Amino acid sequence: MTDRPEPTHGQSEPSPWVLRFSGHIPAGGEVIDIACGAGRHGRLCLENGHPVTFVDIDTERLDDLGGRSDVAIIETDLETEGFWPFAGHAYDGVIVTNYLWRPILPKIIDLVAPGGLLIYETFAAGNEAFGKPSNPDYLLQPDELREAVDGTLEVLAFEQVETKTPKPAVIQHIAARNTQTG
Ligand SMILES: C[S@@+](CC[C@H](N)C(=O)[O-])C[C@H]1O[C@@H](n2cnc3c(N)ncnc32)[C@H](O)[C@@H]1O
């Protein structure tokens with residue numbers, strides 16, 4: 001976790017990017033919030049009427065959601081080589097923010113169900129000028145998300161931007177649809 005953003009990164013409100021695109025997830029469809037932290041985006045989707053699977057290596061901050069029929073909580077180390085607990089699963093909304101582990105990026109993209117939406121936002125190269133994360137392993141390269149979905153998902157929106165809030169940072173984000181029909 002060294003050099004990674006803090007678990008909450010001081011953010012409890014949903015990211016504007018996720019707010020903007022979460023309404024494009026098929027109504028009532030299943031959502032997965034990967035490396036969810038306290039689950040700010042999964043919680044938003046619960047409010048929007050989606051069942052949500054929350055995934056993180058540390059799920060303590062989700063204790064208040066235990067027992068809900070529309071919630072699944074999976075505590076797992078996503079970086080265990082050769083282990084992927086979601087094989088054969090697909091979700092109508094796949095959300096990842098402030099997290100990157102390149103080896104599983106193609107598997108995350110494969111989780112998007114026909115008609116479903118990927119919403120991904122995290123730090124990008126250039127962020128090292130502002131602080132952590134600065135390790136290239138945790139920073140997207142220019143166009144990396146767009147290239148990662150090329151041939152699989154249709155890009156609705158993509159940007160790499162320098163932002164000032166909640167703190168100066170370079171981020172890249174994408175919203176992309178699986179245009180296959182079920
Ligand atoms: C910066 S936080 C982002 C949390 C949330 N996505 C958000 O934006 O509010 C990164 C999250 O990744 C989780 N994480 C880090 N390494 C992980 C791993 N190997 N497997 C699963 N989750 C991991 C951390 O526990 C932390 O909650």
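The residue of the stretch 80-99 that is surrounded by the fewest Cβ atoms within 10 Å (Cβ to Cβ), among those that are closer than 24 Å to Leu153 by Cα and among the polar types (S, T, N, Q), is Asn98.
Across the stretch 162-182, the qualifying residues are those that are β-branched (Val, Ile, Thr) and without any contact (Cβ under 8 Å) to a residue 12 or more places away in the chain, and the one among them that is most open to solvent (accessible area, probe 1.4 Å) is Thr165.
From the list Asp58, Asp63, Asp77, the one residue that fits, being open to solvent by 20 Å² or more (accessible area, probe 1.4 Å) and in a helix (DSSP H, G or I), is Asp63.
Residues are listed down the side, and each one gets a yes or a no for (1) modelled with pLDDT of 95 or more; (2) within 17 Å of Ala176 (Cβ to Cβ); (3) aliphatic (A, V, I, L, M):
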site: Gly49; (1), (2), (3): yes, no, no
site: Val55; (1), (2), (3): yes, no, yes
site: Thr59; (1), (2), (3): yes, no, no
site: Arg68; (1), (2), (3): yes, no, no
site: Val71; (1), (2), (3): yes, no, yes
site: Glu79; (1), (2), (3): yes, no, no
site: Ile108; (1), (2), (3): yes, yes, yes
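Against the numbered list (1) assigned to a loop (DSSP other than H, G, I, E, B); (2) over 14 Å from the mean Cα position of the chain (by Cα), Arg146 comes up short only at (1).
Against the numbered list (1) surrounded by fewer than 18 Cβ atoms within 10 Å (Cβ to Cβ); (2) touching a residue at least 40 places away in the same chain (Cβ under 8 Å); (3) closer than 16 Å to Thr122 by Cα, Glu13 comes up short only at (2).
Looking only at residues of the stretch 21-71 that are near the ligand (Cβ under 9 Å from one of its atoms) and among the hydrophobic types (A, V, I, L, M, F, W, C), we find that the one that is nearest to the chain's Cα centre (by Cα) is Ile34. Evaluate the following for Pro114: is it open to solvent by 40 Å² or more (accessible area, probe 1.4 Å) and either over 13 Å from the mean Cα position of the chain (by Cα) or within 17 Å of Lys167 (Cα to Cα) (or both)? Yes, satisfied.
Scanning the stretch 34-54 for residues that are over 17 Å from Arg102 (Cα atoms) and either in contact (Cβ under 8 Å) with a residue 60 or more places away in the chain or not in a loop (DSSP other than H, G, I, E, B) (or both) returns Gly37, Arg40, His41, Gly42, Arg43, Leu44, Cys45, Leu46, Glu47, Val52, Thr53, Phe54.
The values are calculated or read from the model by the stated rules, or taken from the named source; none is laboratory data. Here the structure is a predicted model, which means the values were calculated and not measured. In this analysis, Cβ positions are derived from the backbone assuming ideal geometry, glycine residues included, and neighbour counts consider all displayed protein chains. For the accessible areas, the whole protein counts, side chains as well, though only heavy atoms, and no ligand, DNA or RNA atoms are used. Shrake-Rupley method; radii C 1.70, N 1.55, O 1.52, S 1.80 Å.
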